[in-house]
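The values are calculated or read from the model by the stated rules, or taken from the named source; none is laboratory data. This is a predicted model, so every value here is computed, not measured. Here Cβ is always computed from backbone atoms with ideal geometry, including for glycine, and neighbour counts include all displayed protein chains. When the accessible area is computed, the model is the full protein with side chains, heavy atoms only, and any ligands, DNA or RNA have been set aside. Shrake-Rupley method; radii C 1.70, N 1.55, O 1.52, S 1.80 Å.
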Amino acid sequence: MASSGSNFKFPNRGPSVIHHNQNSNDFDSEAGSVEFTSYTVQIPLTPDNQPMEIAMERSASQRVEDQYASSSLFTGGYNCVTRAHLKQKVIDSEAANTHPQITGLKGSPCAVPGCDSRCLTDERGLDIVPCECDFKICRDCYRDAIKTGDGICPGCKEPYKEAELSEYQQSQPLPLPPALAAAGVGMSKMERRLSMMKSKSMSRSRSKSMVRSHSGEFDHTKWLFETKGSYGYGNAMWPKDGESGSDDGIAGDPKVFRDKQWRPLTRKLNVSAAVLSPYRLLVFVRLAVLCLFLHWRITNPNEDAVWLWLMSVICEIWFAFSWLLDQLPKLCPVNRFADIDVLREKFETPNPSNPSGKSDLPGIDIFVSTADPEKEPPLVTANTILSILAADYPVEKLACYVSDDGGALLTFEAMAEAASFANLWVPFCRKHNIEPRNPETYFNMNRDPYKNKVRPDFVRDRRRVKREYDEFKVRINGLPDSIRRRSDAYNTREEIKAMKHRRENGNDELDETIKIPKATWMADGTHWPGTWTVPAQEHSRGDHASIIQVMVKPPSDEPLKGTETDSNSMDLTEVDIRLPMLVYVSREKRPGYDHNKKAGAMNALVRASAIMSNGPFILNLDCDHYIYNSQAMREGMCFMMDRGGDRICYVQFPQRFEGIDPSDRYANHNTVFFDVNMRALDGLQGPVYVGTGCLFRRTALYGFDPPRIKEQNGCCDCFFARRKKAASVASAPDVASLESKSEMGDSDDEEMNIALIPKKFGNSSLLVDSIRVAEFQGRPLADHPSVKYGRPPGALTLPRDLLDASTVAEAISVISCWYEDKTEWGQRVGWIYGSVTEDVVTGYRMHNRGWKSIYCVTKRDAFRGTAPINLTDRLHQVLRWATGSVEIFFSRNNALLASSRLKFLQRIAYLNVGIYPFTSLFLIVYCFLPALSLFSGEFIVQSLNVTFLTYLLGITLALIALAVLEIKWSGIELEEWWRNEQFWLIGGTSAHLAAVLQGLLKVIAGIEISFTLTSKSGGDDANDDYADLYIFKWTSLMVPPITIMMVNLIGIAVATCRTIYSDNPEWSKLLGGVFFSFWVLAHLYPFAKGLMGRRGRTPTIVFVWSGLVSITISLLWVAIDSPSNNGDIGGSFQFP
């Protein structure tokens, strides 16, 4: 080990290793002595975390490897060799290769005789030449010259300078630590293979950074947070004595924040007491009235119809309980605001710690998921990608990963077309400050596009971009036909070759048809490794290899200004034309493996992104949810980077939808949930995760506990064992003693702990090494004494490392179908498996570990998407959500089994998530009670006396007052509240009931659940924006609501006729039954309107069901209670 403060730098890409020691004795002191402490700072092969000593210059070989990795299609998988296929082009469009970051070879031809390849280019589109003589040479020829030509340039016959650097690196006498040696440091890039932990010796060398828990289980939190007074993995600093008054972590340097006043990034504003205090009071008043009413109902039965009274009382008790579960979490609503100007001042303004003013913001990896290009149109996905690439966030800090779970070439080429069009669209948005940055939405806006635009060239630029976008849409729409025609041509060529080969072999018999697989071909004339149009073995939706293609390579560190080449192009001389990195990912799928649908795809992206970019924060979006506010990510980052932000696991944005009918017939906007429930949960432990539009902290997804967590003695502690977690970052002597104990401890225990690392995260050491880097980069700035676990200002201003083939090959490995075997991915790490609603479960697990979440409502909508607006798709969507809730209730994720770290009201909210579908059992009975009352002539009470009416009036008025106050503090409209009430009954009598039955079948009989993927396609009428609203597709979910409507209508008619012709009419019972029947029918009105379709075109099946129900009920009533006293059907009725 070197002396204290000595540094060793390796000129090539391999990471640096800095060894320090501090000792009062010599090296022969006893290993267990407390006076001897040592630590090793390792800089792993991950971006965004390099010390200042690393050389900043990018060598030619590094840039060649970066361009090679970015221009190659990587494939691999189970029992497959990972291969890199260098692509000349990925689409047929001629405009695809105009931007230097876009995938494809755009360099000059190689000057080596006999070589037909091309030179690779740098981030500015210039040829990469390794020699000063400017001799054009491709990557393969350059490697041959280094290996077999003694490093001699074929042009000037002089040695390459980088060969001398390589020799210098090989002559270093200092051996690398085992952990880095196993990761491939010191080897050539192409010789370094997938890093797997195969030996116990390498695992033992890593054990010094691990801490054993008392239970013998590997403790995530201690391993992540108990560092030796260090900022994090890859950055180390010994705090000076007396500089920090806290031992809980790294507090800020007083010199950083002494000069100016510290300003917070966010503000929390409570709802006005003038609104909230009466609201809370009314909740308890209505609760008291409900208790008194239920007590009166129980003590005053209806002796004439006990069965009717008993059913109604049971239902009312459950409704009161369900209302209480829904209402209690709404007692503490809050409003939050983020200050983007302060964020820019702290992270992007020149200061003593960051003289250049480069962005010090952490990186964000954005995940976009798609599965079927037929149901999720590629044009919609492409527009979402374009809005991401044009987002207002530092370009070098963004990386977009698109998960294509279907492995379709159509999605692949649509992405490539989107990357090509981004070359024009993104600079246009930056130059003219365009909002929104989704071209489809922007060009279809009804407002004046020229408002507030003052640049004289805006009209010309907009006209050109609009024309290019129209051509882009035509190319996207023509991709299916283009792929088909190309594949047919290549398949025909292959058949001709096969026939020619047969003739050459002397076999002239053409009786047997030559069977050639109907392959799907890429633009460069190679087989598509994913799903073929005509499925074949290893090329179907459930059986294909892993695929990774870097569509847009990582941008350069410095801004890249454009040029004005001719009078028709845009003037981009003052615009940064760089694009964020864009990566296409299709995980491997094989028969016999459970791929866990969307949750499995998200976990594959988590691992691949950790290897390639390792952004400490992750934003996930559905393919139809685009960025509507280009600064939304900045607002979310304000919460993560503010004081206490290290305890926030995710920032959830509300979902906003487009293309919904103005009346919002089926409550598709869900404003009550997003503006009332979620805002109220923000005042507790945070909102639930709703599947999209969520900014995650990567380490929270890895299953770690938040820092400074404290165990609380809860009521469940006597029933459930508590696990001891680290409460703070340990001090240096504590870790030294722990390391000494590790060295002297039982080797069997040590092996057991280290053996748990692959069980948690898998066998990729690069993935494991990236965890500490992500944790450090995600910390807030240490610019205030109260900021614990902070990082120094300017730590993230260094450039990202370049990609190489071995890094992408490692990413291929971690998305293979076998990687999650015998690990905790999907169990405790990443998105959680086992539920249709994996989003709610994933958020619940984080809250259960003590994390907090934030609800970020921006002034301008952060994201917008589409929602199903026709009745059938809407019911299937609600069915999926409700089924997931039933699964949660019958699983270990039930809030009743939560730890003491989950707050009481937050526990109530999660309990309601699992219980609300069961309300349908009581709701459907209660909807039939008015009709039963009308048929039988009885009512749920003995008589409509003053007491009953008073209670009913009090409960109704309290409900109305609560609704008015909710509207007041949430900002929703009364019509939106009423639509939510209507669809609550529609969904409760249809989808929720089916979800309960399906959930019980799955739990009891093990029958798996299948649901229909929500269609995102348009209607048949292209001239009607709401054509989908009138699409009617029959489903069995409609049977219960139709039956309820018909039974209540018939009951009203029967009871009215009977009362009118009765000798002793009982009008009070009739009015009571009719009132409740109309209450049911009023809630079902949108459902009935949906059955009518467009212009009253009612499907035949509705008339059939209505007729059957009407005839059946009429016959039953006549038989049971005929007009005469005889038992014959029809009685003695005669016409007058």
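The C-beta contact set for region 580-595 (first residue under 15 Å from TYR78 (Cβ atoms) and at pLDDT 90 or above, second residue among the aliphatic types (A, V, I, L, M) and crowded, with 17+ Cβ neighbours inside 10 Å, distance under 7 angstrom, 6+ apart or interchain) comprises SER586/ILE547; ARG587/ALA601; ARG587/ALA604; ARG587/ILE815; GLU588/ALA545; GLU588/ILE815.
From the set of residues in region 542-570 that are assigned to a loop (DSSP other than H, G, I, E, B), of a type in the set (Asp, Glu) and out of contact with any helix residue (DSSP H, G or I) (no Cβ under 8 Å at 6 or more places or on another chain), which is modelled with the lowest pLDDT?
ASP566
When the residues of region 137-150 are narrowed to those that are more than 12 Å from PRO113 (Cβ to Cβ) and part of a loop (DSSP other than H, G, I, E, B), which ends up nearest to the chain's Cα centre (by Cα)? Result: CYS138. Of all residues in region 342-372, those satisfying the criterion of being part of a loop (DSSP other than H, G, I, E, B) and of a type in the set (A, V, I, L, M, F, W, C) are LEU361, ALA371. A Cβ distance below 6 Å, combined with a sequence gap of six or more or placement on separate chains, defines the contacts here; from region 888-916, residues that are more than 16 Å from LEU681 (Cβ to Cβ) and part of a loop (DSSP other than H, G, I, E, B) reach residues that are open to solvent by less than 20 Å² (accessible area, probe 1.4 Å) and of a type in the set (Phe, Trp, Tyr) in the pairs ASN893/TYR844.
Yes or no: LEU328 open to solvent by 10 Å² or more (accessible area, probe 1.4 Å) and touching a helix residue (DSSP H, G or I) at 6+ places or on another chain (Cβ under 7 Å)? Here the answer is yes, as LEU328 does meet what is asked. The one condition from (1) at pLDDT below 80; (2) surrounded by fewer than 22 Cβ atoms within 10 Å (Cβ to Cβ); (3) under 30 Å from VAL474 (Cα atoms) that ALA60 does not meet is (3).
Only residues that are without any contact (Cβ under 8 Å) to a residue 40 or more places away in the chain and surrounded by 14 or more Cβ atoms within 10 Å (Cβ to Cβ) were counted across region 1027-1066, and they come to 4.
Here's the yes/no breakdown for (1) open to solvent by 20 Å² or more (accessible area, probe 1.4 Å); (2) assigned to a loop (DSSP other than H, G, I, E, B); (3) among the polar types (S, T, N, Q); (4) touching a residue at least 12 places away in the same chain (Cβ under 8 Å):
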position: SER816; (1), (2), (3), (4): no, yes, yes, yes
position: LYS822; (1), (2), (3), (4): yes, yes, no, yes
position: TRP831; (1), (2), (3), (4): no, yes, no, yes
position: GLY843; (1), (2), (3), (4): no, no, no, yes
position: MET846; (1), (2), (3), (4): no, no, no, yes
position: LYS859; (1), (2), (3), (4): yes, yes, no, no
position: ARG864; (1), (2), (3), (4): yes, no, no, yes
position: PRO868; (1), (2), (3), (4): no, yes, no, yes
position: GLN877; (1), (2), (3), (4): yes, no, yes, yes
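Of the helices (runs of 4 or more DSSP H) lying entirely inside region 435-515, the ones with 2 or more residues being over 30 Å from SER569 (Cβ atoms) and in contact with a strand residue (DSSP E or B) (Cβ under 8 Å, 6 or more places away or on another chain) are found at 479-504. The number of residues in region 473-495 being within 23 Å of PHE421 (Cβ to Cβ), of a type outside the set (Val, Ile, Thr) and either surrounded by 13 or more Cβ atoms within 10 Å (Cβ to Cβ) or touching a residue at least 40 places away in the same chain (Cβ under 8 Å) (or both) comes to 8. Pairing each residue of region 134-158 that is touching a residue at least 40 places away in the same chain (Cβ under 8 Å) with any residue that is part of a strand (DSSP E or B) and open to solvent by less than 80 Å² (accessible area, probe 1.4 Å), provided the two are 6+ apart or on different chains, yields C-beta distances under 9 Å for ARG139/LEU86.
Considering only residues in region 879-928 that are among the aromatic types (Phe, Trp, Tyr) and over 30 Å from ILE709 (Cα atoms), the one that is most open to solvent (accessible area, probe 1.4 Å) turns out to be TRP881.
Hey, among the residues in region 651-675 that are assigned to a loop (DSSP other than H, G, I, E, B) and of a type in the set (A, V, I, L, M), which one's farthest from HIS1083 (Cα to Cα)? Restricting to residues being assigned to a loop (DSSP other than H, G, I, E, B) and of a type in the set (A, V, I, L, M), the top hit is ILE660.
The set of residues in region 590-618 that are within 17 Å of ALA809 (Cα to Cα) and over 16 Å from the mean Cα position of the chain (by Cα) comprises ILE611, MET612, SER613. If the condition is being open to solvent by less than 40 Å² (accessible area, probe 1.4 Å) and hydroxyl-bearing (Ser, Thr, Tyr), then region 264-312 contributes THR266, TYR279, SER312.
If the condition is being open to solvent by 50 Å² or more (accessible area, probe 1.4 Å), part of a helix (DSSP H, G or I) and among the small types (Gly, Ala, Ser), then region 946-1005 contributes only ALA1005.
Entry remark, region 313-325: residues being open to solvent by 30 Å² or more (accessible area, probe 1.4 Å) and touching a residue at least 60 places away in the same chain (Cβ under 8 Å) number 3 in total.
Quick one: is ARG447 surrounded by 22 or more Cβ atoms within 10 Å (Cβ to Cβ), more than 26 Å from SER71 (Cβ to Cβ) and of a type in the set (Lys, Arg)?
Against the criterion (surrounded by 22 or more Cβ atoms within 10 Å (Cβ to Cβ), more than 26 Å from SER71 (Cβ to Cβ) and of a type in the set (Lys, Arg)), ARG447 does not qualify.
In the list SER943, SER933, which residue meets the criterion of being modelled with pLDDT under 90, within 30 Å of LEU871 (Cβ to Cβ) and either of a type outside the set (A, V, I, L, M, F, W, C) or open to solvent by less than 60 Å² (accessible area, probe 1.4 Å) (or both)?
Values: SER943 fails: within 30 Å of LEU871 (Cβ to Cβ).
Criteria check complete, one pass: SER933.
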